[in-house]
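Colleague: Please read through the structure below; I'll follow up with questions.
Nothing in this text is a laboratory measurement; each read-out follows from the coordinates by a stated rule. Keep in mind the model is a prediction, meaning the values are calculated, not measured. With ideal geometry, Cβ positions are generated from the backbone for all residues, glycine too; neighbour counts draw on all protein chains shown.
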Amino acid sequence: MPQSERKHLFVSYAQSDSEVVDSFVDLLRRELEMRQVGLDIWMDRRSLKPGEQWDRAIHDAVMNSRGMLVFVSPAAMKSNWVRNELLAAAADNTRLIVPVIIGHVEDMPKVLAERQWLDISSARFDKDAMHSLANRLASDIRQWLQRNQDKAPLQEDEASKFASAAANAARNQTANDDIKEQTPPDSVFVVHGHDHHSLELVCDALTILGIRPVVLSELQGQAQSLLQKFFTTSKEARFALVILSSDDYGASREQYETKGVATKALQFRARQNVLLELGFFYGHLGWENVFVLEKKPTKNFPNFERPSDLAGAVFDLIDDAGKWRRTLATRLQNAGFNVDEARTVQRSDASQGTPRK
């Protein structure tokens, strides 16, 4: 196939890595456009059209590709889909194959290990760093294209072999996504600070309603930083409950440094991680799928400060009468949960919660 007809790079990745892959591919595509490379990026979820025969479309995408971006992660290396794509790539040494590492694995396949890779694992949460790496990769791709002439196309039997497997995986993923959307959610991601009593009350209320509270600090699994664990878990959430409690003191530096003010400027604040995660879920799930509970300080002074962007927001209070429980049940019903509000009423509104293990 003539070089002029090969217009894209094929993207191989695990569906569970979609968020970081989408983000990096968008940056890379813009960098390639700025350099007028004339090379697009082909991704199944974005490039497959309604009504297309998936096997044929993926087969053609591989056959017409100038190269492949392989996003490496533990999930990708366990994916039969990705492995079949690598087998096809290994059969053709004329195409550019770039391993892009988003998660480290112990044993990288030889076809990838012997090539120069790009490691974005430590930059995936830093937009500027990701942009810099996309810039670097786009420059390398352009240089590679200038140095290499197109040769023999990928063997037809190899392309057909993994195109069929890839299409089946894509169909299964789409079916799973549809099932997920149709199935009522059964868990709520709970964001909290140092007020563990309020956390007990909230988790108790959710459990009574038959809903599983997801608390980051209680999750077991492979060793990860809290930030990695948060992003891994939060992307599966369909509803979040955020507890704002007066765990910290803070003040405007300008006010604090004013003569005669100093500590008089201090106000109660929620933990910084709580505010970060609150903002994340507002953007990720939408205002209607985030329920914020505020626990008033035990002292009348100082005030409980809110971020300026939330100055007009009305939050429910964790009150002694337990009215927030009924509000929570209603909000969950509106969000698609199967909730029997009577279960909340049957339980004493002043319940103090049950010990968590």
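Colleague: Taking the simple approach of a point 7 Å from Cα along Cα-to-Cβ for both Trp117 and Asp60, what is their distance in nm?
Modeller: For the pair Trp117/Asp60, the computed spacing is 3.3 nm.
Colleague: Another question about this same structure. Size of the dipole of the range 201-324 about the Cα centre, Lys and Arg at +1 and Asp and Glu at -1 on the beta carbon, nothing else charged, in debye to 20?
Modeller: 200 debye
Colleague: Relative to the present Cα-Cα distance, how much length would full extension add between Thr232 and Gln36 at 0.36 nm per residue of separation?
Modeller: Result for the pair: 67.0 nm of gain on full extension.
Colleague: Right, another one. Would you pull out the residues with amide H under 5 Å of Asp40's amide H, same chain only if 5 or more places away, H placed 1.01 Å from N?
Modeller: Close amide H contacts, sequence-distant or interchain: His8, Leu9.
Colleague: Now for a different question. Could you order peptides 137-143, 96-102, 314-320 by the average number of other Cβ atoms within 10 Å of their residues, highest first? Kindly include the intermediate steps, with their values, before the conclusion.
Modeller: Values: 137-143: 16.9, 96-102: 21.3, 314-320: 13.6.
Per-residue mean Cβ counts within 10 Å order the peptides as 96-102, 137-143, 314-320.
Colleague: What is the list of residues in the range 261-278 whose amide nitrogen lies under 12 Å from a point 7 angstrom out from the Cα of Gln255, following Cα to Cβ?
Modeller: Taking a point 7 Å out along Cα→Cβ of Gln255, the residues of the range 261-278 whose backbone N falls under 12 Å are 261-269.
Colleague: Cα atoms only, the range 186-320: Rg and Dmax in Å?
Modeller: Rg, Dmax (Cα atoms, Å): 16.2, 55.
Colleague: So what's the net charge close to Arg124: Lys and Arg +1, Asp and Glu -1, counting the other residues with Cβ under 11 Å from its Cβ?
Modeller: -3
Colleague: Subtract the Cα-Cα distance of Ala313 and Asn135 from 0.36 nm times their separation in residues, and report this length gain in nm to one decimal. Show your work: numbers first, answer last.
Modeller: Working: separation 178, 0.36 × 178 = 64.08 nm, distance 4.00 nm.
Once the chain is fully extended between Ala313 and Asn135, it gains 60.1 nm.
Colleague: Distance cut-off 26 Å, Cα to Cα: go down the list Lys264/Lys296; Lys78/Lys235; Lys229/Lys299 and report the pairs above it.
Modeller: With Cα atoms farther than 26 Å apart: Lys229/Lys299.
Colleague: Here is a follow-up. For the range 198-263, rounded, prolate or oblate, judged on the Cα gyration tensor with a ≥ b ≥ c (square roots of eigenvalues), a/c < 1.5 rounded, else prolate if a/b > b/c? Intermediate values should be presented prior to the final figure.
Modeller: On the way: a/c = 3.41, a/b = 1.92, b/c = 1.78.
Judged from the Cα gyration tensor, the range 198-263 comes out prolate (a/c at least 1.5, a/b above b/c).
Colleague: Please list, in chain and number order, the residues 5+ apart from Ile101 or on another chain whose amide H is under 5 Å from its amide H, with Hs placed from the backbone.
Modeller: Distant-sequence amide H within range of Ile101: Val72, Leu118, Asp119, Ile120.
Colleague: OK, next. Check which residues have an amide H placed less than 5 Å from Asp316's amide H, if you skip close sequence neighbours.
Modeller: Under 5 Å from the amide H of Asp316 lie the amide H atoms of Val292, Glu294, each far enough along the sequence or on another chain.
Colleague: On to the next question. To the nearest 0.05, what FRET efficiency results for Thr327 and Asp126 with a Förster distance of 35 Å applied to their C-beta separation?
Modeller: Numbers: r = 38 Å, r/R0 = 1.08.
Efficiency, rounded to the nearest 0.05: 0.40.
Colleague: Something else about it: In square nanometres, what is one fourth of the surface area of the convex hull spanned by the alpha carbons of the range 238-310?
Modeller: Values: hull surface 21.2 nm².
So the Cα hull casts an average projection of 5.3 nm².
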